[in-house]
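One structure is given below, encoded as structure tokens.
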Amino acid sequence: MEVELDEDGMPTIVKRETGNGKRVETIGEVWRVDDEWWRQPIVRRYVEVVLEGGGRVVLFEDVITREWWVQKP
Amino acid sequence: MTRTPRLTSDGAACCWIPLFALRCETARRPELAALPVALVGSDDTRRVWQVSPLARHAGVKSGMTVSQAIGLCPALKLCEPDPVHYDAQFSRLLAALGQVSPVIEPAELGRAYVGTDGLEGLYGAPEKIVEAIKCGMRNAECGIESESPLAHSAFNIPHSAFRVGWGIGKFVSWVAASRATPGGAVIVRSGEEGRFLAAQPLAVLPLDPDTYRRLRQLDVRTLGALAALPEEAVVSQFGRAGRRLWRLAAGRVAEPVVGRVAPEPIVAALTFFSPVCERDLLVHAIDKLIDRALGDPRRSGWRVQVVRVRAELEHAASWLAEATLKEPSADRERIAAPLKTQLERSPPAGAVERLEVEFTAFAAGATELQLFARDAQAAARAGRRRALRTAAQEIKLRLKRSLLYHVIEVQPWSRLPERRYALIDYEP
């Protein structure tokens, strides 16, 4: 998925594969996960956002590949 | 008062199929044979229950958590257990053994004792009897017709999986089976028990881990070493359980195989006040009679294999319908279904004066097998599973492939949400 960021690296617009992008209204919690460093390291930055219209989504950036994903429960 | 006759036999042959449930799965889904496979537990789906040799080679062990198992063997194919299917397969095995001897005692899933007293007259020496048992199994495996009266069909597990142990008493025969090579047999002749048992490792005894550990600390590693200790010394250390262990190790216990006599046919009958020809009324009467027959105390512990309905018609005519259930059942709907079909296809030619339902053949019930569907909760679970299986088959039929998965908890503690759960193919 495509995410536009502000100067602090926080998501401002979230574009899914289908449909137009949605503006981020509120940024919630932000956290980082470093795991499995002993084999294939996983480094992620999670951002909880509320999109326009009220949808709550947890996004994460794969810090190694710089790709953004939606965390599905 | 009538007394139920007891079928017992001091001579025993233990038939053992290790990993029975897993073998049932690979027999049903041959594509699993080449994969590392594990069955998850039926009570605790977070733990692995039975493990295929390929998975064991990768370090997976029974009792491990699913996450540990996947960590050790990422290609591990996890299967959900299907206790009802294993029950049915084990019933078939017991039925095949029942062709060899009338004294059959199921011990656990995949392990049963065959009473061998008196079989010499039919088959000859112990080797011949063991061969007869294996022959029945082999025919069962291939589903072939044979000249042997022991031929059975549809028990689709390779004969190399069967191990047979022969001896006096259940314990000796079990130890002998546990020593047999795959597909082979070990015969312990009368009088040789002490020498045979003395060389066996402690693990063949029914020990709890603590007793096992304590005996190892005492440097007792074989049954011979245990039997060499004074009986009273063992009793003073381990109590009553110790006495039993010592006696088993010394070959002083020879528990007979105890079979059960299959019940006589159970009949429930109804005489109508006036002759009946409405089909709905007959169907209702059949349901009621099946209920009544199922409620007979003699049926307890047995599932119905063959059911027959007889009707006496006006003018001394009669009507008969008989059904052999593929899966023995104690469920009214399942028993009634084939009878109702026959009633639809070829109804009685006249009005019915008297209707009679008769259960003529039985298969050991789930309670008898000491398996899973022992209590009401497990039975309800089995019912739900059956309904789910039917629905899944319907979906597969429509979509040409199965799209159903079972969610299991794998690493609930993981900080990566997608690692917390895994999907297992749901194959009905």
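From B:Ala27, B:Ala33, grab the single residue that is touching a Ser or Thr at 6+ places or on another chain (Cβ under 6 Å) and surrounded by fewer than 20 Cβ atoms within 10 Å (Cβ to Cβ). Show your work before the answer.
On the way: B:Ala27 fails: touching a Ser or Thr at 6+ places or on another chain (Cβ under 6 Å).
None of the other options fit; the residue is B:Ala33.
Considering B:Ala203, B:Ala228, which residue is farther than 21 Å from B:Lys134 by Cβ, at pLDDT 90 or above and loosely packed, with under 15 Cβ neighbours inside 10 Å?
On the way: B:Ala203 fails: at pLDDT 90 or above.
That would be B:Ala228, the only listed residue that is farther than 21 Å from B:Lys134 by Cβ, at pLDDT 90 or above and loosely packed, with under 15 Cβ neighbours inside 10 Å.
Considering only the range B:39-59, how many residues are more than 15 Å from B:Ile408 (Cβ to Cβ), touching a Ser or Thr at 6+ places or on another chain (Cβ under 8 Å) and either among the aliphatic types (A, V, I, L, M) or outside any strand (DSSP E or B) (or both)?
The qualifying residues number 2.
Please specify each residue of the range A:48-60 satisfying the condition of being surrounded by 12 or more Cβ atoms within 10 Å (Cβ to Cβ) and more than 14 Å from chain B (Cβ to nearest Cβ). First the steps, then the outcome.
Residues of the range A:48-60 surrounded by 12 or more Cβ atoms within 10 Å (Cβ to Cβ): A:48-52, A:57-60.
Of everything in the range A:48-60, those that are surrounded by 12 or more Cβ atoms within 10 Å (Cβ to Cβ) and more than 14 Å from chain B (Cβ to nearest Cβ) turn out to be A:Val49, A:Val50, A:Leu51, A:Glu52.
So is B:Glu394 part of a strand (DSSP E or B) and either at pLDDT below 75 or away from chain A (no Cβ under 14 Å) (or both) or not?
Numbers: part of a strand (DSSP E or B): no; either at pLDDT below 75 or away from chain A (no Cβ under 14 Å) (or both): yes.
No: the conditions fail for B:Glu394.
From B:Arg163, B:Arg179, grab the single residue that is surrounded by fewer than 22 Cβ atoms within 10 Å (Cβ to Cβ) and in contact with a strand residue (DSSP E or B) (Cβ under 6 Å, 6 or more places away or on another chain). Spell out how you get there, then give the answer.
Working: B:Arg163 fails: surrounded by fewer than 22 Cβ atoms within 10 Å (Cβ to Cβ).
On inspection, the qualifying residue turns out to be B:Arg179.
Inspect the range A:12-20 for any residue being within 14 Å of chain B (Cβ to nearest Cβ) and either under 26 Å from B:Ala422 (Cβ atoms) or small (Gly, Ala, Ser) (or both) and give the result as yes or no.
No, every residue in the range A:12-20 fails to be within 14 Å of chain B (Cβ to nearest Cβ) and either under 26 Å from B:Ala422 (Cβ atoms) or small (Gly, Ala, Ser) (or both).
If you go through the range B:311-318 one residue at a time, do you hit one that is at pLDDT 85 or above, within 24 Å of the chain's Cα centre (by Cα) and surrounded by 14 or more Cβ atoms within 10 Å (Cβ to Cβ)?
no
Could you please find all residues in the range B:57-78 being closer than 18 Å to B:Pro18 by Cα and loosely packed, with under 15 Cβ neighbours inside 10 Å?
Correct list: B:His57, B:Lys61, B:Gly63.
In the set B:Gly136, B:Gly124, B:Gly98, which member is modelled with pLDDT under 80 and either surrounded by fewer than 24 Cβ atoms within 10 Å (Cβ to Cβ) or within 23 Å of B:Glu327 (Cα to Cα) (or both)? Before the answer, list the steps.
Details: B:Gly124 fails: modelled with pLDDT under 80; B:Gly98 fails: modelled with pLDDT under 80.
From the options B:Gly136, B:Gly124, B:Gly98, the qualifying one is B:Gly136.
Among residues belonging to the range B:253-288 that are of a type in the set (Lys, Arg) and surrounded by 14 or more Cβ atoms within 10 Å (Cβ to Cβ), point out the one that is modelled with the highest pLDDT.
Taking the range B:253-288 as the starting set, the residues that turn out to be of a type in the set (Lys, Arg) are B:260, B:279, B:288.
Still in the list and also surrounded by 14 or more Cβ atoms within 10 Å (Cβ to Cβ): B:260, B:288.
On the way: B:Arg260: 75, B:Lys288: 91.
Only one residue fits best here, namely B:Lys288.
Could you check B:Gly143 against (1) on the phi < 0 side of the Ramachandran plot; (2) out of contact with any helix residue (DSSP H, G or I) (no Cβ under 9 Å at 6 or more places or on another chain); (3) at pLDDT below 85 and say which number it fails?
The number of the failed condition is (1).
Quickly run through the range B:91-137 and pick out the residues that are in a helix (DSSP H, G or I) and in contact with a Pro (Cβ under 7 Å, 6 or more places away or on another chain). Full working, then the answer.
The first filter runs over the range B:91-137 and keeps only residues in a helix (DSSP H, G or I), leaving B:91-98, B:120-123, B:126-137.
Matches in the range B:91-137: B:Ser91, B:Leu94.
Consider the range A:29-45. How many of its residues are over 18 Å from A:Glu4 (Cβ atoms) and surrounded by 11 or more Cβ atoms within 10 Å (Cβ to Cβ)? Spell out the reasoning first.
Initially, the range A:29-45 is screened for residues over 18 Å from A:Glu4 (Cβ atoms), giving A:29, A:31-44.
Adding the requirement that they be surrounded by 11 or more Cβ atoms within 10 Å (Cβ to Cβ) leaves A:31-36, A:41-44.
Here the count works out to 10.
Out of B:Thr211, B:Thr271, B:Thr222, I need the residue that is among the polar types (S, T, N, Q) and within 30 Å of B:Val304 (Cβ to Cβ). Which one? Reasoning before the result, please.
Values: B:Thr211 fails: within 30 Å of B:Val304 (Cβ to Cβ); B:Thr222 fails: within 30 Å of B:Val304 (Cβ to Cβ).
None of the other options fit; the residue is B:Thr271.
Taking into account only those residues within the range B:289-302 that are surrounded by 16 or more Cβ atoms within 10 Å (Cβ to Cβ) and at pLDDT 85 or above, which is farthest from B:Arg260 (Cα to Cα)?
This residue is B:Leu289.
What pairs come out if I take residues in the range B:241-262 that are farther than 15 Å from B:Val103 by Cβ and pair them with residues that are among the aromatic types (Phe, Trp, Tyr) and surrounded by fewer than 21 Cβ atoms within 10 Å (Cβ to Cβ) whose C-beta lies under 7 Å away, six or more apart or interchain?
Going by the 7 Å Cβ cut-off, the qualifying pairs are B:Leu245/B:Phe238.
Just to verify a result, which residue in the range B:14-32, among those that are in a helix (DSSP H, G or I) and of a type in the set (Lys, Arg), is farthest from B:Lys134 (Cα to Cα)?
B:Arg28
For B:Ser62, all conditions in the list (1) assigned to a loop (DSSP other than H, G, I, E, B); (2) over 30 Å from B:Ala12 (Cβ atoms) hold save one; what is the number of the exception?
(2)
Going residue by residue through the range A:35-44, is there one that turns out to be touching an Asp or Glu at 6+ places or on another chain (Cβ under 7 Å), more than 14 Å from every other protein chain (Cβ to nearest Cβ) and free of Cβ contacts under 8 Å to residues at least 40 places away in the same chain? Give the derivation first.
Quick first cut of the range A:35-44, residues touching an Asp or Glu at 6+ places or on another chain (Cβ under 7 Å) only: A:42-44.
Those still in the list that are more than 14 Å from every other protein chain (Cβ to nearest Cβ) too: none.
No.
When you check A:Arg32 against the structure, is it among the charged types (D, E, K, R) and either free of Cβ contacts under 8 Å to residues at least 12 places away in the same chain or more than 14 Å from chain B (Cβ to nearest Cβ) (or both), yes or no?
Here the answer is no, as A:Arg32 does not meet what is asked.
Among the residues in the range B:7-22, are any at pLDDT 85 or above and at positive phi? Reasoning before the result, please.
In the first step, residues of the range B:7-22 are kept if they are at pLDDT 85 or above; the result is B:8-22.
Next cut, at positive phi only: B:19.
Yes, the conditions are met somewhere in the range B:7-22.
Go through the range B:397-413 and report how many residues are without any contact (Cβ under 8 Å) to a residue 40 or more places away in the chain and either under 19 Å from A:Val58 (Cα atoms) or within 14 Å of another protein chain (Cβ to nearest Cβ) (or both).
3
The values are calculated or read from the model by the stated rules, or taken from the named source; none is laboratory data. In this text, all values refer to a predicted model and were calculated from it rather than measured experimentally. Note that each Cβ is placed from the backbone with ideal geometry, even for glycine, and that neighbours are counted across all protein chains shown.
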